[in-house]
Amino acid sequence: MEIYLDNSATTRCYKEVADLVYKLMLEDYGNPSSMHQKGVDAEKYLRKAQEQIAGVMRVKPKEIYFTSGGTESNNWALFGTASAKKRAGKRIITTAIEHSAIAEPAGRLEAMGYDVVRLPVDGEGYVSMDALAESLTPDTILVTVMMVNNEIGTVEPVAEIGKMVHEKCPKAYFHVDAIQSFGKFRIYPKRMNIDMLSVSSHKIHGPKGSGFLYLDERCRIDPIIYGGGQQNGMRSGTDNVPGAAGTGLASEMIYRNLDENVERMYRLKAHLADGLKQLGQVTVHGPADVRKGAPNILNASFIGVRSEVLLHTLEDRGIYVSAGSACSSHHRAPSATLTAVHATAAEIESSVRFSFSELTTEEEVDTALAVLNEVIPKLRKFVRS
């Protein structure tokens, strides 16, 4: 038995996507920069992938740039903007609960002399709009906010944030880390005041090592990778055609039955939350109303049980979860997100993240709850003894 409840860490690839990637590695394996027919065929796959992604977001295909994934896209948005706008100002505004792929580049820019403002959040993880308004000064060049928090699933009001940014600082860019929100919400950058947007393919049943940055054609940022001039000179390096094509197909597929899949995930999330509360001494983090958060993320603290111990106990039963964010689970530093929402030390050290996908079933959630009901009392008893 295998029950995979760690879909925010990565997802199982769609079979159609895996088949396409396989085909492009063994059959249509040309280099898009080559002038012969193999290269022409490869270039067609890239263009189709751009069109598929642009179609679900209602943007232009030329505004889609393929990258190695969410981390590169985020880094490019920050460093590319900082470089291109270094004469316009040095203020960069972000939040206290960003993923490390934003927090680390922001810290590096701060060390380079940029003025980095980290907006506080409330107990449910929502950004303070008052703090944002106060922080927007004439020398602001970039505001970057994740749409869905990767640990507790809070959904930030990105359209409202973008509107404020553009009204108060018309020359500043607004970037959204959409790595946990793309494929869970309909995202239309033109309507939502978004200038740049990062997506990672393996979060949407696509291949690892691939993603994209949406860059509004009116924005000017500098490349951070130089070389052969691929992608209009904006992101050099031989194009990852299998990854890009897989990303395009996964983007198209995940939006085909979006409303139905999201509704089912919300039901699973509510069912799991209700079951966890029956255990006692369990704190669910994020929005109190599960439907106000992301449909696929539920973070809970099991007081008295260390998260690593519970993770491996569940793993022994074939159930896979995360001890917080997968990207930070190997580090000992306390969760910045849980710290920012004022979780206690006991809650932080016992937090576990459950995350669903369209493939998750009610039977799997029921089985996970049954196992938790069995093991949590035993683990707590062991700790007390």
- request: Please enumerate the residues belonging to the range 188-203 that are more than 21 Å from Lys168 (Cα to Cα) and surrounded by fewer than 24 Cβ atoms within 10 Å (Cβ to Cβ).
  value: Tyr188, His202
- line: Listed by range, strands (runs of 3 or more DSSP E) wholly within the range 30-120 having at least 3 residues that are in contact (Cβ under 8 Å) with a residue 24 or more places away in the chain and within 17 Å of Phe174 (Cβ to Cβ) are 91-95, 115-119
task: Find the residue count for the range 89-114, including only residues that are among the charged types (D, E, K, R) and open to solvent by 60 Å² or more (accessible area, probe 1.4 Å).
output: 4
message: Name the single residue that is nearest to Gly183 (Cα to Cα) among those in the range 344-374 being in a helix (DSSP H, G or I) and open to solvent by less than 10 Å² (accessible area, probe 1.4 Å).
response: Val365
- prompt: Can you pull out the residues in the range 7-27 that are free of Cβ contacts under 8 Å to residues at least 40 places away in the same chain and either over 30 Å from Gln180 (Cβ atoms) or touching a Leu at 6+ places or on another chain (Cβ under 6 Å) (or both)?
  reply: Leu26, Glu27
task: Examine the range 139-156 for a residue that is buried (at least 23 other Cβ atoms within 10 Å of the Cβ), over 21 Å from Arg191 (Cβ atoms), of a type in the set (D, E, K, R) and modelled with pLDDT of 95 or more, and state whether such a residue exists.
output: yes
message: Checking the conditions here, which among Gly228, Gly237, Gly246 is out of contact with any His (no Cβ under 6 Å at 6 or more places or on another chain) and free of Cβ contacts under 8 Å to residues at least 24 places away in the same chain?
response: Gly237
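The values are calculated or read from the model by the stated rules, or taken from the named source; none is laboratory data. The model shown is predicted, which means the values in this text are computed figures rather than measured ones. Ideal geometry is used to build each Cβ from the backbone, glycine not excepted, and the neighbour counts take in all protein chains shown. These area figures cover heavy atoms from the full protein model, side chains too; ligands, DNA and RNA do not enter into them. Shrake-Rupley method; radii C 1.70, N 1.55, O 1.52, S 1.80 Å.
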